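K.L.:
Before anything else, here's the structure in question.
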Amino acid sequence: MKKSLMEVSLIVMSFWLFQHVVVMEKMKSGGMYSTMCIALLVVVVSFFLTNKTLSFYILFELSLIPTLMMIFFFGYQPEKMQASMYLLVYTVLASLPLLLIFCSNSKYLLFMSHMSHSWYVMALTLGFMVKTPLYLVHVWLPKAHVEAPVGGSMVLAGVLLKLGSYGLMLMCPTVKNELLMVYVYLSLLGAIFCSYMCLLSYDMKSLIAYSSVVHMGVVTMGVVSGFEMGYKSALMMVIAHGVCSPFLFGWGYSLYLSSHSRVITVNKGQMSDPKMVFIGFMLLAINMGVPPFLNLWSEIIMFIVTSEMWKMSLGWLMVAAFMNMLYNMFLYVSVGQSKESNGKSMVSNMWPFLSSMSSSLVLVLVL
């Protein structure tokens with residue numbers, strides 16, 4: 001897959017998402033929050049454009065600083081301290097071996113040497129797997145999402161997870177090793193287990209965060225397959241997730257403003273506004289992978305590619321797909337069923353949500 005296609009797709013998506021964050025947060029220029037968002041956008045775009053190995057690593061790690069500040073200074077709960085620590089420890093420690101690889105290798109990403117030793121493959125991919133995130137090293141993600149403000153959650157889901165996916169799409173074609181199949185098994189196991197966690201979750205924001213782990217597992221399985229169709233499936237899921245998941249957090253935040261609680265049972269009957277019902281239904285349908293939206297085609301291609309690699313995977317993939325459908329329906333029915341409520345959820349600005357839905361549909365034709 002051409003590097004320029006990935007660069008252009010992810011840069012356009014980053015600008016598109018950040019301008020919606022500004023709209024939904026009603027952000028004023030000159031404040032610390034807006035400064036952090038602009039700094040993060042500059043770092044992310046520079047990361048996608050660089051070809052130098054050390055610049056690539058520095059920008060990869062530099063993206064943590066604005067994100068940490070957004071969680072630490074603008075988070076809602078005292079647990080934001082723990083969430084910041086998890087984010088820092090997981091992402092920095094996992095990517096230190098990557099720094100050693102870059103220091104001892106070529107100056108340019110396009111001329112990385114090809115090695116197949118297990119230690120080399122582990123060092124090269126682990127930092128990106130944590131940022132994607134891979135199941136078992138995903139613990140930082142729900143904690144960071146739950147404690148971040150709504151804009152921080154949107155940026156985490158829509159942009160920061162894509163840094164790890166972009167790194168994998170660059171590095172995985174340079175290596176061949178049986179260790180990569182371990183990532184496939186873990187991603188498939190994670191999709192099933194995290195879907196189960198979504199069904200058990202009572203926190204709406206935590207449920208949406210765990211669904212990100214489920215969908216980003218598609219990216220991991222597509223990339224490590226080594227097939228061209230696998231890389232295309234991964235890029236499609238990266239973009240599909242980036243135009244849907246951030247706005248699920250925005251929808252959840254609109255419910256929170258009415259009930260002042262993220263607990264799903266407390267939010268029963270809050271969707272009294274027909275616009276809220278429509279937005280919730282469409283976003284969860286896209287997240288579920290309903291035709292003709294982009295998520296569905298990405299998952300179908302991933303099913304085909306993974307079945308070619310591992311014949312026994314089809315049954316597990318069907319279980320994961322069923323549970324994905326189940327927790328999305330669970331969230332919609334739980335929040336949408338009627339109950340007398342003192343609050344009333346309203347959407348002040350429909351444009352970001354309509355933009356998300358239309359983009360997911362139009363991208364089917366583009367990609």
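K.L.:
If you average the alpha carbon positions of the range 269-291 and of the range 233-262, how far apart do those two centres end up, in angstrom?
P.N.:
Measuring centre to centre over Cα atoms gives 11 Å.
K.L.:
A further question follows. Rounded if a/c is under 1.5, else prolate if a/b is larger than b/c, else oblate: which is the range 102-235, with a ≥ b ≥ c the root eigenvalues of its Cα gyration tensor?
P.N.:
Details: a/c = 2.28, a/b = 1.71, b/c = 1.33.
Prolate shape, in that a/c is at least 1.5 and a/b is the bigger ratio.
K.L.:
Read phi for every residue in the range 128-139 and hand back ³J(HN,Hα) as whole Hz from Karplus 6.51 cos²θ - 1.76 cosθ + 1.60, θ = phi - 60°, with x for Gly and Pro.
P.N.:
Per-residue couplings from phi come out as 6, 5, 5, 6, 5, x, 7, 4, 5, 10, 9, 4 Hz.
K.L.:
Right, here's the next one. Please compute the per residue accessible area over the chain with all protein chains in place, 1.4 Å probe, rounded to a whole number of Å². Before the final figure, lay out each step's value.
P.N.:
On the way: 14860 Å² over 367 residues.
Value for the chain: 40 Å² per residue.
K.L.:
Apply the a/c threshold of 1.5 to the C-alpha gyration tensor of the range 238-367 and tell me whether it is rounded, prolate or oblate. Don't skip to the end; give the middle numbers.
P.N.:
On the way: a/c = 3.16, a/b = 1.71, b/c = 1.85.
Note, shape of the range 238-367 comes out oblate.
K.L.:
Further question: What residues from the range 168-193 fall in the zone where the backbone N is under 16 Å from a label point 7 Å along the Cα-to-C-beta line of residue 58?
P.N.:
No residue qualifies, since no backbone N sits under 16 Å from the label point.
K.L.:
Where the centroid of each part is defined by its Cα atoms, how far is the range 208-230 from the range 54-113 in Å?
P.N.:
21
K.L.:
While we're looking at this one, here's another question. Looking at the square roots a ≥ b ≥ c of the eigenvalues of the Cα gyration tensor of the range 27-149, which shape do they give, rounded for a/c under 1.5, prolate if a/b is larger than b/c, or oblate?
P.N.:
Details: a/c = 3.20, a/b = 1.53, b/c = 2.08.
Since a/c reaches 1.5 but b/c is at least a/b, the shape of the range 27-149 is classed as oblate.
K.L.:
Still on this structure, please answer the following. Would you kindly give the portion of the calculated P(r) for the range 3-366 that falls above 32 Å, as a percent of all Cα pairs?
P.N.:
Numbers: 17635 of 66066 pairs.
When every Cα pair of the range 3-366 is considered, 27 percent fall beyond 32 Å.
K.L.:
In percent, what relative contact order does the range 3-366 have, based on Cα pairs under 8 Å that are 6 or more apart in sequence? The partial results should precede the final answer.
P.N.:
On the way: 540 pairs, mean separation 58.7, N = 364.
Reported as a whole number, the value is 16 percent.
K.L.:
Grab the beta carbon distance between residue 307 and residue 51, set R0 = 45 Å, and tell me the FRET efficiency rounded to 0.05. Present the calculation step by step, with values, prior to reporting the outcome.
P.N.:
Values: r = 35 Å, r/R0 = 0.78.
Given R0 = 45 Å and the Cβ-Cβ separation, E is 0.80.
K.L.:
Using a 1.4 angstrom probe on heavy atoms only, work out the carbon and sulfur share of the accessible area of the range 3-366 in %. Mind dumping the intermediate values first?
P.N.:
On the way: 10400 of 14560 Å².
Within the range 3-366, the accessible surface is 71 percent carbon and sulfur.
K.L.:
Continuing with the same structure: Report, in listed order, any pair from 162/232; 80/205; 26/131; 80/275; 52/232 with a Cα-Cα distance greater than 20 Å. The partial results should precede the final answer.
P.N.:
Values: 162/232 15 Å; 80/205 14 Å; 26/131 28 Å; 80/275 32 Å; 52/232 24 Å.
Going by Cα-Cα distance, 26/131; 80/275; 52/232 fall outside the 20 Å limit.
K.L.:
Considering every pair of different Cα atoms, what Kirkwood radius, in Å, is found for the range 239-296?
P.N.:
On the way: mean 1/r = 0.0830 Å⁻¹.
By the Kirkwood definition, the hydrodynamic radius is 12.0 Å.
The values are calculated or read from the model by the stated rules, or taken from the named source; none is laboratory data. Since we're looking at a predicted model, the values are computed, not measured. All Cβ positions, even for glycine, are placed from backbone atoms using ideal geometry, and neighbour counts span all protein chains on display. Protein only, heavy atoms only, side chains kept; ligands, DNA and RNA dropped before computing areas. Shrake-Rupley method; radii C 1.70, N 1.55, O 1.52, S 1.80 Å.
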